[in-house]
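Trainee: One structure coming up, written as structure tokens, with questions to follow.
The values are calculated or read from the model by the stated rules, or taken from the named source; none is laboratory data. Worth saying up front: this structure is predicted, and the values here are computed from it rather than measured. In this analysis, Cβ positions are derived from the backbone assuming ideal geometry, glycine residues included, and neighbour counts consider all displayed protein chains.
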Amino acid sequence: MSGEETRINQMIEDILADAKAEAKTILKEAEQKVKEIMQRGTEKAEKEKQTILDRQLKQINELEKQQIASINLQARQEILQKKEDEILKVFELAKTELSKFPKQAAYEKVLRELIIESGVALGGGDLLIKARKEDAAKLKDLTAIAKEITKKCGTKCTLKLAKDRITALGGVVLQTADSSVTINNTFDARLEQEYRHIRTAVAAKLFEEKASS
């Protein structure tokens with residue numbers, strides 16, 4: 001082989017070696033880029049995975065809170081219902097006792113006081129009394145009662161027993177002559193009013209317990 005051929009072959013080998021080296025470098029860089037891309041993909045996937053887990057955990061926590069709140073609310077409602085049941089029992093007992101009171105001698109005085117109280121609240125004037133059938137005979141001296149109302153409220157009062165009769169445990173209903181204003185001063189109405197007050201107090205107590213929990 002001549003010297004020229006040898007030189008050419010060497011040049012070819014050098015060029016091939018450089019090409020192989022460059023190809024190796026390019027391949028290495030490509031592999032590194034692929035690795036980086038894969039790494040970024042893995043990190044992104046991990047972040048997405050963690051985001052999903054966090055979201056699911058948050059949903060689970062919210063669901064648990066809702067369930068606990070629902071259970072607490074149900075328990076409190078049951079407690080309130082039991083308290084109301086007990087209150088109702090007491091009031092039913094009170095109704096039974098009140099139904100016996102009109103048969104006692106002291107009832108007539110109480111009836112008079114209820115009329116005066118209602119008459120003063122209405123501010124006197126011409127008033128009608130609606131009473132129970134059993135109590136009509138007890139309302140004898142309406143003039144004297146009217147004078148008492150006049151004295152207390154400062155406005156002349158007249159009382160008249162209405163023909164209408166009421167059904168109640170006791171007490172009376174007073175209204176103005178034109179029926180525009182009525183005061184129910186029966187035992188039933190007063191007992192119902194007390195029941196509402198006590199029920200409201202129980203509910204308020206329950207709300208306080210809820211707020212402090």
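Trainee: Being at pLDDT below 70 and not in a helix (DSSP H, G or I) narrows it down to one residue among M38, M1; which is it?
Mentor: Details: M38 fails: not in a helix (DSSP H, G or I).
Result: M1 is the single residue among M38, M1 that is at pLDDT below 70 and not in a helix (DSSP H, G or I).
Trainee: Now a separate question. Please name all residue pairs, on different chains or six or more residues apart, with Cβ atoms under 8 Å, provided the first residue is in the stretch 71-88 and is over 17 Å from Y195 (Cα atoms) and the second residue is surrounded by fewer than 10 Cβ atoms within 10 Å (Cβ to Cβ).
Mentor: N72/S213
Trainee: On to the next question. Which of the residues spanning the stretch 151-176 are in contact with a helix residue (DSSP H, G or I) (Cβ under 6 Å, 6 or more places away or on another chain) and among the β-branched types (V, I, T)?
Mentor: As a first pass, look at the stretch 151-176 and keep what is in contact with a helix residue (DSSP H, G or I) (Cβ under 6 Å, 6 or more places away or on another chain): 152-153, 156-159, 168-172, 174.
Correct list: T158, V172.
Trainee: Kindly establish whether T167 is within 35 Å of the chain's Cα centre (by Cα) and either surrounded by 15 or more Cβ atoms within 10 Å (Cβ to Cβ) or not assigned by TED's automatic domain parsing to the domain that holds K82 (or both).
Mentor: Working: within 35 Å of the chain's Cα centre (by Cα): no; either surrounded by 15 or more Cβ atoms within 10 Å (Cβ to Cβ) or not assigned by TED's automatic domain parsing to the domain that holds K82 (or both): yes.
Considered against the rule, which asks whether it is within 35 Å of the chain's Cα centre (by Cα) and either surrounded by 15 or more Cβ atoms within 10 Å (Cβ to Cβ) or not assigned by TED's automatic domain parsing to the domain that holds K82 (or both), T167 comes out as no.
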